[in-house]
């Protein structure tokens, strides 16, 4: 069963790999990465919110990060536009 602690750790791992992918692909980050980082500042074991809200938010942001990695060349501007 999904719980906020598991989805939090999953989002943390996906975010780390996604930011590494941005670095290796030499692409700028977007609002989605900033939003994920902001969500990660509020871990479910410190903030009292409904579990469903945490799980849904984490899963949606994980999906956004994965889609962003798959289509990074279309969605993120290059560091050196020529």
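Every read-out reported here was derived from the displayed coordinates using simple, explicitly stated rules and does not represent laboratory data. In this text, all values refer to a predicted model and were calculated from it rather than measured experimentally. Backbone-built Cβ (ideal geometry, glycine too); neighbour counts: all protein chains shown.
For the range 11-26 versus the range 35-82, the spacing of their alpha-carbon centroids is 11 Å. Taking each DSSP H run with n ≥ 4 as -39500 (n - 2.57) and averaging over every residue of the chain yields -22000 deg cm²/dmol at 222 nm.
Quick one: in the range 16-82, what % of C-alpha pairs are over 20 Å apart?
So the portion of pairs separated by more than 20 Å is 34 percent.
Can you give me the angle between helix 31-40 and the longest principal axis of the chain, using Cα atoms only, in degrees from 0 to 90, rounded to the nearest 10? Roughly 30 degrees between the two axes.
For the listed peptides 40-50, 57-67, a ranking on the average number of other beta carbons within 10 Å per residue, highest first, reads 57-67, 40-50.
Which order do the peptides 28-34, 18-24, 4-10 come out in when sorted by mean C-beta neighbours inside 10 angstrom, highest first? Could you put the intermediate results ahead of the total?
Values: 28-34: 13.1, 18-24: 14.9, 4-10: 16.6.
The densest-packed peptide leads the list: 4-10, 18-24, 28-34.
Computed over the chain, relative contact order equals 50 percent, with contacts defined as Cα pairs under 8 Å that lie 6+ residues apart.
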